[in-house]
Protein chains: 2
Amino acid sequence: MRPGKNGKLALGPLPELVGYNLRKAQVAVFQSFQTAVAPHDITPGQFGVLIMIRENEGLSQSDLGTAVGIDRSTMVAVIDRLESRGLVVRAPSPNDRRSYALRLSPEGQSLMDDLIPRVQAHDQGMVKDLSPEEQVQFIDFLRRVSRAK
Amino acid sequence: MRPGKNGKLALGPLPELVGYNLRKAQVAVFQSFQTAVAPHDITPGQFGVLIMIRENEGLSQSDLGTAVGIDRSTMVAVIDRLESRGLVVRAPSPNDRRSYALRLSPEGQSLMDDLIPRVQAHDQGMVKDLSPEEQVQFIDFLRRVSRAK
DNA sequence: TATTGTTATACTCTATAACTATA
DNA sequence: TATAGTTATAGAGTATAACAATA
């Protein structure tokens, strides 16, 4: 019986590392998110992009990319996918003919109207084992770690 | 002046979501990790794989994949890379001729001897703005979220 | 000169399906 | 029959470099 066939493997110093636990929590949330919004087939990243377009109608692909931290060349395919699914519209920019003014289509808008409360409920479910005070603390800790460049 | 050119964009409900803050913290840790161990060119994922091999010498690729949550077909290229860099050895398994017994090479061992304290120091740095009590709490919260399937 | 969107290209990470050697 | 490693293939996500159109 070789190691790992039945029992657990040794993890060494990993369980004590913040980074390891952060990664595991993030994977858990990501997978759970997929299940929660499964009928709509939207990833957390796509949800973020759709939120940004919804909240900043008319923004350009470049500015969107800067905001979510991906290159403008990468953004092309991201918008291609959302546009081909009929969720996002590339409208001509009124004052700059090089760029697009991105906005949600009516389908995209109603998708988000449905999705936002669903995502918020899912998010609450991820911290259901934490008390309200602990939840506040947890988000505060996460923000402080993000800032600790 | 279109939105986003100078000021920040609106983020809508994102900043209140645990998942969003978790993702941001994880990205920050990942990038910082890369910088901290830059001379060795090791990703957090590779570090995890090397730790598992170090702590469970002789394990197979399949068992390793199961432990770190990736498919055995994906593990092939992961080990290929570490083997071609001279860090990991595919030794013949003594009792099953289908599988390999993975172990660190001497180079891999000394890399890890150097890397482990470096990673631990980096990890501490990520939570340097949290008090010792808060750090304990933080890891506890992360584990509870991981379990909240 | 600089910027926007795009394409070509490349690399990582990931999976499924099918193959082979073995169990 | 089942499992271990592999390959072929595919898709998402990421980047850099270069290009045309426009600023």
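Here are a few things to note about the model shown:
- Going through (1) of a type outside the set (S, T, Y); (2) more than 13 Å from DNA strand D (Cβ to nearest atom); (3) modelled with pLDDT of 95 or more one by one, A:L50 falls short only on (2).
- For region B:45-59, filtering for residues that are open to solvent by 60 Å² or more (accessible area, probe 1.4 Å) and either within 7 Å of DNA strand C (Cβ to nearest atom) or over 23 Å from B:D114 (Cβ atoms) (or both) leaves 0.
- Residues in region A:60-73 that are surrounded by 12 or more Cβ atoms within 10 Å (Cβ to Cβ) and either more than 12 Å from DNA strand C (Cβ to nearest atom) or under 16 Å from A:Q46 (Cβ atoms) (or both): 6 in all.
- Candidates A:L82, A:L104: the one that is touching a residue at least 12 places away in the same chain (Cβ under 8 Å), within 16 Å of DNA strand D (Cβ to nearest atom) and surrounded by 13 or more Cβ atoms within 10 Å (Cβ to Cβ) is A:L82.
- Among the residues listed as A:V127, A:V78, the single one being of a type in the set (A, V, I, L, M) and facing chain B (nearest Cβ under 9 Å): A:V127
- Sole residue being of a type outside the set (A, V, I, L, M) and at the interface with another protein chain (Cβ under 7 Å from one of its Cβ atoms), chosen from B:G12, B:G45: B:G12
The values are calculated or read from the model by the stated rules, or taken from the named source; none is laboratory data. If you're wondering where the values come from, they're calculated on a predicted model, not measured in any experiment. All Cβ positions, even for glycine, are placed from backbone atoms using ideal geometry, and neighbour counts span all protein chains on display. Surface areas here come from the heavy atoms of the whole protein model, side chains and all, with no ligands, DNA or RNA. Shrake-Rupley method; radii C 1.70, N 1.55, O 1.52, S 1.80 Å.
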